[in-house]
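Colleague: Before anything else, here's the structure in question.
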Amino acid sequence: DTGVSQDPRHKITKRGQNVTFRCDPISEHNRLYWYRQTLGQGPEFLTYFQNEAQLEKSRLLSDRFSAERPKGSFSTLEIQRTEQGDSAMYLCASMSARSSGNTIYFGEGSWLTVV
Amino acid sequence: KQEVTQIPAALSVPEGENLVLNCSFTDSAIYNLQWFRQDPGKGLTSLLLIQSSQREQTSGRLNASLDKSSGRSTLYIAASQPGDSATYLCAGAPISNFGNEKLTFGTGTRLTIIP
């Protein structure tokens, strides 16, 4: 257990439905990241926050995706009108960005299957 | 655009052997290079982070090296154990104070240690 919690761990949804994933980072970490990983591939960067500010979004994050981190604590990743191509593991990670060389901690991931 | 390649995709070795995993990246102007371990269906665990000013890092039986001029990194595992069986991913990031923004991952090497 790295201290980064993700919920739910598994989600099966029908195409066209909306889904939301939650990430609780390590409490003192000010940076929070979302990545997506499909089978046999490495994770791909989606977006990251410093405190409550969303600093960067990947082009992979279409307008059906939205991420928030209210109050700089937990974060949510919502996918609207899901498509089969959204099936993947969504990974959250956190880090303290107050000094160099800090370790990034990943959660166990949230598996999404769109049927 | 940064691309990270890991060869081989899979590797099986008898227990006790020393082994080397390879990672190459296209943009040597960056980089901080990080090695992760991923167990099946799980999140990622950071193993070693090599900052752009460093050439190698060691932790226990693991040693990672970075050669920016050739765009290569290696992960050396000494005296392999069955518990080392996992997928090993390398990831690079733009030069920054913290080295963890927008990690670009390779597809990983699936390592199996045969008892």
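Each value in this text was obtained by applying a stated rule to the coordinates, not by laboratory testing. It should be emphasised that the depicted structure is a prediction, and the values quoted were computed from it without experimental measurement. Neighbour counts run over all protein chains shown; Cβ positions are idealised from the backbone, glycine included.
Colleague: Based on the Cβ-Cβ distance from B:T45 to A:N51, what FRET efficiency comes out when R0 is 41 Å, to the nearest 0.05?
Modeller: The computed FRET efficiency comes out at 0.95.
Colleague: Specify which residue in the list B:T5, A:T82, B:V20 is farthest towards the positive end of the charge dipole of the protein assembly as shown, using unit charges on the beta carbon of Lys, Arg (+1) and Asp, Glu (-1), about the Cα centre.
Modeller: Checked the options; the winner is A:T82.
Colleague: Please compute, for peptide A:2-9, the average count of beta-carbon atoms on other protein chains lying within 10 Å of each residue's beta-carbon.
Modeller: What the average comes to for A:2-9 is 1.
Colleague: Which GluC sites (Glu not before Pro) in the stretch B:1-79 pass both tests, a DSSP loop state and at most 14 other beta-carbon atoms within 10 Å?
Modeller: Here the sparse-neighbourhood loop sites are B:E3, B:E15, B:E17.
Colleague: Charges at C-beta only: +1 for Lys and Arg, -1 for Asp and Glu. How large is the resulting dipole of chain A about its Cα centre, in Debye rounded to 20?
Modeller: Roughly 240 debye, rounded to the nearest 20.
Colleague: State which stretch of chain B is the longest one without any exposed trypsin sites (Lys or Arg not before Pro), exposure meaning a DSSP loop state and at most 14 other Cβ atoms within 10 Å.
Modeller: In short, B:62-115.
Colleague: Can you give the average number of partner chain beta-carbon atoms within 10 Å of each beta-carbon in peptide B:37-48, as a whole number?
Modeller: Average neighbour count from other chains, rounded to a whole number: 5.
Colleague: Report, in listed order, any pair from B:K42/B:K68; B:K1/B:K42; A:K71/B:K1; A:K14/B:K1; A:K71/B:K42; A:K57/B:K42 with a Cα-Cα distance greater than 26 Å.
Modeller: Too far apart for the 26 Å limit: B:K42/B:K68; B:K1/B:K42; A:K71/B:K1; A:K14/B:K1; A:K71/B:K42.
Colleague: Counting Lys and Arg as +1 and Asp and Glu as -1, what is the net charge of the other residues whose Cβ lies under 10 Å from the Cβ of B:Y88?
Modeller: +1
Colleague: Taking θ = phi - 60°, what integer Hz values does the Karplus form 6.51 cos²θ - 1.76 cosθ + 1.60 yield along the stretch A:11-22, in sequence order, with x for Gly and Pro?
Modeller: 9, 10, 9, 7, 3, x, 7, 9, 9, 9, 10, 10
Colleague: Next question. Using Cα springs under 10 Å in a Gaussian network model of chain A, which residue among A:E83, A:E28, A:E44 shows the largest mean-square fluctuation?
Modeller: A:E28
Colleague: Something else about it: From the P(r) of the protein assembly as shown, can you give the percent of Cα pairs sitting at distances over 24 Å?
Modeller: 44
Colleague: Let me ask something else. Starting from the eigenvalues of the Cα gyration tensor, five times each then square-rooted, give me the equivalent ellipsoid semi-axes of chain B, largest first, whole Å.
Modeller: 24, 14, 12
Colleague: At A:E83 and B:S59, where each label point lies 7 Å from the Cα along Cα→Cβ, what is the point-to-point distance in nanometres?
Modeller: In this crude spin-label approximation the distance works out to 3.7 nm.
Colleague: I need two numbers for chain A: Rg to one decimal and Dmax as a whole number, Cα atoms only, in Å.
Modeller: Considering chain A through its Cα atoms, Rg and Dmax are 13.5, 43 Å.
Colleague: Provide a whole-number value for the mean count of partner chain Cβ atoms within 10 Å of the Cβ atoms in peptide A:38-48.
Modeller: 5
Colleague: Could you list, bin by bin from short to long, the percent of Cα-Cα pairs of the stretch B:50-115 in 5 Å steps?
Modeller: Calculated P(r), rounded to whole percents: 4, 15, 22, 26, 18, 10, 5, 1, 0.
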